[in-house]
Amino acid sequence: MYATDVMIEEHANISRMLRVIKNMCCSILDGAAINQRDFADIIDFIRNYADANHHQKEEHVLFPEMVEHMGPVANTIITHGMLVEHDLARSYVRSLDEALKLYDKDPRTEYKLDILTEIMAYANRLQVHVEKENNVVYPFANRELSEEIKTKINDEVRRIADENEKTGFVVKYLGMLARLEEKYNPLAYVAAPEAS
(Lines give C-alpha, C1' and ligand atoms only; values in the text may rest on other atoms or scores of the structure.)
Protein backbone atom coordinates (compact mmCIF):
# COMPACT_ATOMS: atom_id res chain seq x y z
CA MET A 1 0.00 0.00 0.00
CA TYR A 2 1.36 3.42 -0.96
CA ALA A 3 0.62 4.91 2.47
CA THR A 4 2.53 2.28 4.45
CA ASP A 5 5.40 2.41 1.93
CA VAL A 6 5.68 6.14 2.66
CA MET A 7 5.54 5.49 6.40
CA ILE A 8 8.27 2.83 6.15
CA GLU A 9 10.45 5.29 4.25
CA GLU A 10 9.84 7.88 6.97
CA HIS A 11 10.75 5.26 9.57
CA ALA A 12 14.07 4.75 7.79
CA ASN A 13 14.81 8.47 8.12
CA ILE A 14 13.71 8.48 11.76
CA SER A 15 16.00 5.50 12.42
CA ARG A 16 18.86 7.45 10.85
CA MET A 17 18.22 10.21 13.40
CA LEU A 18 18.16 7.63 16.19
CA ARG A 19 21.67 6.56 15.13
CA VAL A 20 22.77 10.22 15.24
CA ILE A 21 21.32 10.52 18.74
CA LYS A 22 23.21 7.46 19.97
CA ASN A 23 26.50 8.67 18.46
CA MET A 24 26.00 12.15 19.91
CA CYS A 25 25.33 10.71 23.37
CA CYS A 26 28.46 8.57 23.13
CA SER A 27 30.50 11.65 22.22
CA ILE A 28 29.13 13.43 25.32
CA LEU A 29 30.05 10.44 27.49
CA ASP A 30 33.55 10.69 25.99
CA GLY A 31 33.76 14.36 27.05
CA ALA A 32 32.13 16.41 24.30
CA ALA A 33 30.11 19.43 25.37
CA ILE A 34 26.30 19.53 25.25
CA ASN A 35 25.62 21.25 21.92
CA GLN A 36 22.35 23.14 22.44
CA ARG A 37 21.96 23.89 18.71
CA ASP A 38 22.25 20.21 17.74
CA PHE A 39 19.80 19.22 20.47
CA ALA A 40 17.41 21.96 19.30
CA ASP A 41 17.63 20.57 15.74
CA ILE A 42 17.00 17.03 16.98
CA ILE A 43 13.95 18.15 18.96
CA ASP A 44 12.72 20.09 15.92
CA PHE A 45 13.14 16.96 13.75
CA ILE A 46 11.38 14.77 16.33
CA ARG A 47 8.47 17.14 16.89
CA ASN A 48 7.92 18.03 13.25
CA TYR A 49 9.22 15.26 10.98
CA ALA A 50 8.66 12.27 13.27
CA ASP A 51 5.61 13.47 15.19
CA ALA A 52 3.61 16.19 13.39
CA ASN A 53 4.33 14.63 9.99
CA HIS A 54 4.75 10.88 10.47
CA HIS A 55 2.75 10.11 13.61
CA GLN A 56 -0.10 12.30 12.46
CA LYS A 57 -0.40 10.24 9.25
CA GLU A 58 -0.85 7.25 11.50
CA GLU A 59 -3.04 8.87 14.15
CA HIS A 60 -5.37 10.74 11.80
CA VAL A 61 -5.35 8.58 8.67
CA LEU A 62 -4.24 4.94 9.06
CA PHE A 63 -5.02 4.05 12.68
CA PRO A 64 -8.64 5.30 12.78
CA GLU A 65 -9.43 3.20 9.70
CA MET A 66 -7.79 0.16 11.28
CA VAL A 67 -9.77 0.60 14.50
CA GLU A 68 -13.03 1.14 12.63
CA HIS A 69 -12.70 -1.67 10.10
CA MET A 70 -10.44 -4.35 11.55
CA GLY A 71 -12.09 -5.32 14.83
CA PRO A 72 -11.00 -5.74 18.44
CA VAL A 73 -7.46 -6.98 17.71
CA ALA A 74 -6.68 -3.81 15.73
CA ASN A 75 -8.32 -1.69 18.42
CA THR A 76 -6.11 -3.26 21.09
CA ILE A 77 -2.91 -2.94 19.01
CA ILE A 78 -3.61 0.69 18.16
CA THR A 79 -5.33 2.08 21.25
CA HIS A 80 -3.36 0.22 23.91
CA GLY A 81 -0.11 -0.16 21.97
CA MET A 82 0.87 2.27 19.25
CA LEU A 83 -0.91 5.36 20.61
CA VAL A 84 0.40 4.75 24.12
CA GLU A 85 3.93 4.50 22.71
CA HIS A 86 3.46 7.74 20.75
CA ASP A 87 2.46 9.50 23.98
CA LEU A 88 5.39 7.96 25.85
CA ALA A 89 7.79 9.21 23.16
CA ARG A 90 6.32 12.71 23.46
CA SER A 91 6.80 12.63 27.23
CA TYR A 92 10.51 11.78 26.79
CA VAL A 93 10.91 14.76 24.44
CA ARG A 94 9.15 17.13 26.87
CA SER A 95 11.44 15.94 29.67
CA LEU A 96 14.49 16.29 27.40
CA ASP A 97 13.49 19.85 26.50
CA GLU A 98 13.12 20.72 30.19
CA ALA A 99 16.49 19.14 31.07
CA LEU A 100 18.19 21.12 28.29
CA LYS A 101 16.71 24.37 29.61
CA LEU A 102 17.86 23.58 33.15
CA TYR A 103 21.35 22.64 31.93
CA ASP A 104 21.59 25.84 29.89
CA LYS A 105 20.92 27.91 33.04
CA ASP A 106 23.03 25.75 35.37
CA PRO A 107 25.33 23.17 33.70
CA ARG A 108 25.22 20.61 36.47
CA THR A 109 26.10 16.96 35.94
CA GLU A 110 22.63 16.02 37.20
CA TYR A 111 21.00 17.87 34.28
CA LYS A 112 23.47 16.37 31.81
CA LEU A 113 22.45 12.93 33.08
CA ASP A 114 18.78 13.86 32.61
CA ILE A 115 19.49 14.95 29.03
CA LEU A 116 21.22 11.68 28.18
CA THR A 117 18.61 9.60 29.98
CA GLU A 118 15.63 11.18 28.23
CA ILE A 119 17.11 11.26 24.72
CA MET A 120 18.28 7.64 24.92
CA ALA A 121 14.95 6.53 26.40
CA TYR A 122 13.29 8.16 23.40
CA ALA A 123 15.73 6.60 20.91
CA ASN A 124 15.46 3.09 22.37
CA ARG A 125 11.65 3.17 22.67
CA LEU A 126 11.19 4.59 19.18
CA GLN A 127 13.44 2.02 17.50
CA VAL A 128 11.41 -0.82 19.01
CA HIS A 129 8.22 1.01 18.04
CA VAL A 130 9.39 1.41 14.42
CA GLU A 131 10.15 -2.30 14.18
CA LYS A 132 6.69 -3.21 15.54
CA GLU A 133 4.94 -0.98 13.04
CA ASN A 134 7.05 -2.14 10.08
CA ASN A 135 6.81 -5.84 10.92
CA VAL A 136 3.38 -6.19 12.55
CA VAL A 137 1.05 -3.19 12.26
CA TYR A 138 1.57 -2.21 8.62
CA PRO A 139 1.50 -5.79 7.26
CA PHE A 140 -1.69 -6.39 9.29
CA ALA A 141 -3.30 -3.29 7.74
CA ASN A 142 -2.14 -4.24 4.23
CA ARG A 143 -3.56 -7.73 4.64
CA GLU A 144 -6.88 -6.95 6.33
CA LEU A 145 -8.14 -3.57 5.05
CA SER A 146 -10.41 -3.55 2.01
CA GLU A 147 -9.19 -2.08 -1.25
CA GLU A 148 -11.70 0.75 -0.85
CA ILE A 149 -10.30 1.74 2.55
CA LYS A 150 -6.70 1.37 1.33
CA THR A 151 -7.50 3.75 -1.54
CA LYS A 152 -8.98 6.27 0.91
CA ILE A 153 -5.87 6.07 3.11
CA ASN A 154 -3.53 6.28 0.11
CA ASP A 155 -5.32 9.35 -1.24
CA GLU A 156 -5.03 11.22 2.05
CA VAL A 157 -1.34 10.32 2.53
CA ARG A 158 -0.69 11.35 -1.08
CA ARG A 159 -2.37 14.71 -0.39
CA ILE A 160 -0.15 15.26 2.67
CA ALA A 161 2.96 14.26 0.69
CA ASP A 162 2.07 16.68 -2.10
CA GLU A 163 1.60 19.51 0.41
CA ASN A 164 4.95 18.68 2.04
CA GLU A 165 6.58 18.73 -1.40
CA LYS A 166 5.18 22.20 -2.13
CA THR A 167 6.36 23.67 1.18
CA GLY A 168 9.83 22.09 1.12
CA PHE A 169 9.10 20.39 4.45
CA VAL A 170 10.85 17.10 3.70
CA VAL A 171 13.85 18.79 2.06
CA LYS A 172 14.33 20.92 5.18
CA TYR A 173 14.29 18.00 7.61
CA LEU A 174 16.35 15.63 5.48
CA GLY A 175 18.92 18.41 5.10
CA MET A 176 19.01 18.80 8.88
CA LEU A 177 19.40 15.02 9.24
CA ALA A 178 22.26 14.94 6.70
CA ARG A 179 24.11 17.72 8.56
CA LEU A 180 23.84 15.87 11.87
CA GLU A 181 24.87 12.56 10.28
CA GLU A 182 27.93 14.21 8.77
CA LYS A 183 28.90 15.50 12.20
CA TYR A 184 28.13 12.49 14.40
CA ASN A 185 28.05 9.30 12.34
CA PRO A 186 31.72 9.35 11.31
CA LEU A 187 32.48 8.88 15.02
CA ALA A 188 31.38 5.25 14.45
CA TYR A 189 30.98 4.39 18.09
CA VAL A 190 31.05 0.71 18.96
CA ALA A 191 30.46 -1.06 22.24
CA ALA A 192 33.31 -0.96 24.75
CA PRO A 193 35.37 -4.15 24.93
CA GLU A 194 34.31 -6.61 27.59
CA ALA A 195 36.30 -6.52 30.81
CA SER A 196 38.52 -9.54 31.28
Quiz item: So which helices (runs of 4 or more DSSP H) stay within the stretch 1-120 end to end and still have 2 or more residues that are farther than 23 Å from P139 by Cα, of a type outside the set (A, V, I, L, M, F, W, C) and open to solvent by less than 50 Å² (accessible area, probe 1.4 Å)?
Solution: 2-29, 36-44, 83-105
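For the stretch 121-156, give me each residue that is of a type in the set (S, T, Y) and assigned to a helix (DSSP H, G or I).
Selection gives Y122, Y138, T151.
The values are calculated or read from the model by the stated rules, or taken from the named source; none is laboratory data. Please read all numbers here as calculations on a predicted model, not as lab measurements. SASA here: full protein model, heavy atoms, side chains in, ligands and nucleic acids out. Shrake-Rupley method; radii C 1.70, N 1.55, O 1.52, S 1.80 Å.
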